[in-house]
Amino acid sequence: MEKTKHIKNITIENFKCFNHFSTGEFGLYNIILGNNNAGKTSFLESLLFEENISQTIQHFQALLQFKNIINSSSVFFSNPFHFFINRYTKKESINISMNYYNTSKFIASFKTIKANDIPVEERNSLLKHFNGLTMTDELLKVNLGNKKEVYRKFDTVQNYEKTIDFVNYVYSSSYYSNDLIGFYLDNFANSKEKREELMSNIRFIIPNIQDIEITINSINKEPLIGIWLLDKDEMLSLPMFGDGTIRLFRIVLEIVICKGKYICIDEIDTGIHYTKYKDFIRTIFRVAKNNKVQLFISTHNNEFLKSIKEVLEEKDYSEHQNDTKSFTLKRLPDESIKAYRYNFEEFEFAIEQENELR
C-alpha cells in the first residue's frame, strides 16, 4: 500500500502574525479563508516546517528569495527565521506541533543562536562537523519533541540532510520561470502517458494542444517549454500563453510532484477567468485525487467559492464532500487569530444563504 503523508492538524507559536494558533482536523481538501492580514498566507507558510531540518531551512530561504527580501546569490547562506518570527511577543523561538494522519507527530522548537552562546563542550563537538565555524556565526538550534537538540548552519548548499530543490507551495504570483523546465523534465518528458495526462488536464484552456516538448529560446539560447497545436505548423513557447494557462500548467505539475504528500496554493483562482472556474476546480480535484495529494488553498473570491460548492454537488465529484473542509481565519479584539472550521454541509449552507465566510 502506497504511503501518504497528510497533515491532521497543526499548532504554531510565535510565527509571523501568530502568537498561539491551532486548527481543528484538516480534510483532504482544505479551503483557507479570511480578511486581509488575517493570516492566510502565514498559515500556509507554517505548513512548510518538517522533520528534515535542512529542508525546512531551505523552504524558508526559498520564500525569502521569492519575496525578493534576499538576492539569489546569498539566500542559501542566510538565516530566514529573522523574517518569520513574531517580533511582538519578545519570544526567541518558533514552536511547532504537527500531527499526521499516519499517526506520526512532529514537535519542535526553532531558535537562532550565536556559536559563542553554545556551551563549550557542545561547541567543540560542532567544530568537528561544521567547517569554518566561527564564534560570530549564527546557527539554528532545534529542540525536537524527544528532547534531542540538533544544530544546523544556514549554509544549505552543504545539505547536511538529503534535500530537494522544490517547495510544495505555489505563490499567488507564481507563473512562468525556469523551475518549470526541471519539473517537466523530471516528471513528464520521458513518459508519453504522463504527457498525455498533463495535456488532457489543460485542454479546457488549450483545446487544440497536440504535444509538449522542450525547445530553445532563439534569443538567449536558454531552454523553454514549447506547445504544439493541432492547427499550427510552428511550436509556441509556453510564456506566449496567458497567465491563467501558465498558472494552471504550474499547479498541475506541482500537484503531481507532491504525490502522496500535500501542497499549499495561495490565491488559487489568480489568473483564471470566471467562466473557467468549474473546469479548473474539476481539474485540481481530479489531479489531487489521482496523486493522493492533500490540498491547502486560499482565495478571496466569492464566485470561486460558489463554483467549488456547485462542482462538489455534481454526481462525479460529490464523493469529495466529506473530505472538504473550510477554515475562516479571524483576528479577535485581543489581536489573536482564530480558525473557524466548517464541514461541507456548513460551507454549502453559508454559500446558499450568502453568509460571509471570507
Number of positions in segment 10-52 that are in a strand (DSSP E or B), crowded, with 16+ Cβ neighbours inside 10 Å and out of contact with any His (no Cβ under 7 Å at 6 or more places or on another chain):
13
Quick test for you: out of S46, S93, pick the one residue that is among the polar types (S, T, N, Q) and either at pLDDT below 85 or under 21 Å from K8 (Cβ atoms) (or both).
S46
How many of the residues in segment 193-208 are outside any loop (DSSP other than H, G, I, E, B) and either of a type in the set (K, R) or surrounded by 14 or more Cβ atoms within 10 Å (Cβ to Cβ) (or both)?
7
Note on segment 122-136: residues surrounded by fewer than 16 Cβ atoms within 10 Å (Cβ to Cβ) and among the charged types (D, E, K, R) are E122, K128
Among the candidates S78, S73, single out the residue that is modelled with pLDDT under 95 and either surrounded by fewer than 18 Cβ atoms within 10 Å (Cβ to Cβ) or under 28 Å from E303 (Cα atoms) (or both).
S73
Check segment 335-343 and report whether any residue there is more than 25 Å from the chain's Cα centre (by Cα), modelled with pLDDT under 95 and not in a helix (DSSP H, G or I).
yes
Could you please find all residues in segment 216-230 being aliphatic (A, V, I, L, M) and touching a Leu at 6+ places or on another chain (Cβ under 6 Å)?
I225, I227
Restricting the first residue to segment 340-353 and requiring it to be in contact (Cβ under 8 Å) with a residue 40 or more places away in the chain and over 15 Å from N9 (Cα atoms), which pairs with a second residue that is in a strand (DSSP E or B) and aliphatic (A, V, I, L, M) meet a Cβ separation below 9 Å and a spacing of at least six or different chains?
F347/I31
Residue within segment 84-93 that is free of Cβ contacts under 8 Å to residues at least 60 places away in the same chain and small (G, A, S) present
no
Could you tell me which residue of segment 52-102 is nearest to the chain's Cα centre (by Cα), considering only residues that are charged (D, E, K, R) and farther than 21 Å from K148 by Cβ?
K67
Contact list, first residue from segment 212-226 and polar (S, T, N, Q) and surrounded by 10 or more Cβ atoms within 10 Å (Cβ to Cβ), second anywhere and assigned to a strand (DSSP E or B) and at pLDDT 85 or above, beta-carbon distance below 6 Å, six or more apart or interchain, is T215/L224; T215/G226; N217/L224
Residues that are aliphatic (A, V, I, L, M) and either surrounded by fewer than 15 Cβ atoms within 10 Å (Cβ to Cβ) or in contact with a Phe, Trp or Tyr (Cβ under 9 Å, 6 or more places away or on another chain) (or both), drawn from segment 306-358:
I308, V311, L312, L329, L332, I337, A339, A350, L357
Just one of (1) at pLDDT below 90; (2) within 16 Å of the chain's Cα centre (by Cα); (3) outside the structural domain of K148 (by TED's automatic domain parsing) trips up E2, so point out which.
(2)
What residue, among those in segment 70-99 that are in contact with a helix residue (DSSP H, G or I) (Cβ under 6 Å, 6 or more places away or on another chain) and of a type in the set (V, I, T), is nearest to T4 (Cα to Cα)?
V75
Would it be correct to say that A350 is over 24 Å from R195 (Cβ atoms), part of a helix (DSSP H, G or I) and in contact with a Leu (Cβ under 8 Å, 6 or more places away or on another chain)?
yes
Meets criteria (out of contact with any Asp or Glu (no Cβ under 7 Å at 6 or more places or on another chain) and surrounded by 17 or more Cβ atoms within 10 Å (Cβ to Cβ)) for L144
no
Exception for V311 within (1) hydrophobic (A, V, I, L, M, F, W, C); (2) part of a helix (DSSP H, G or I); (3) modelled with pLDDT of 95 or more; (4) under 21 Å from the mean Cα position of the chain (by Cα) falls at (4)
In segment 317-339, anything within 26 Å of I255 (Cα to Cα) and touching a residue at least 12 places away in the same chain (Cβ under 8 Å) is listed as Y317, H320, Q321, N322, D323, T324, K325, S326, F327, T328, L329, A339
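The values are calculated or read from the model by the stated rules, or taken from the named source; none is laboratory data. These figures come from a predicted structure and were not determined experimentally. Glycine gets a Cβ as well: all are built from the backbone with ideal geometry, and neighbour counts include every protein chain shown.
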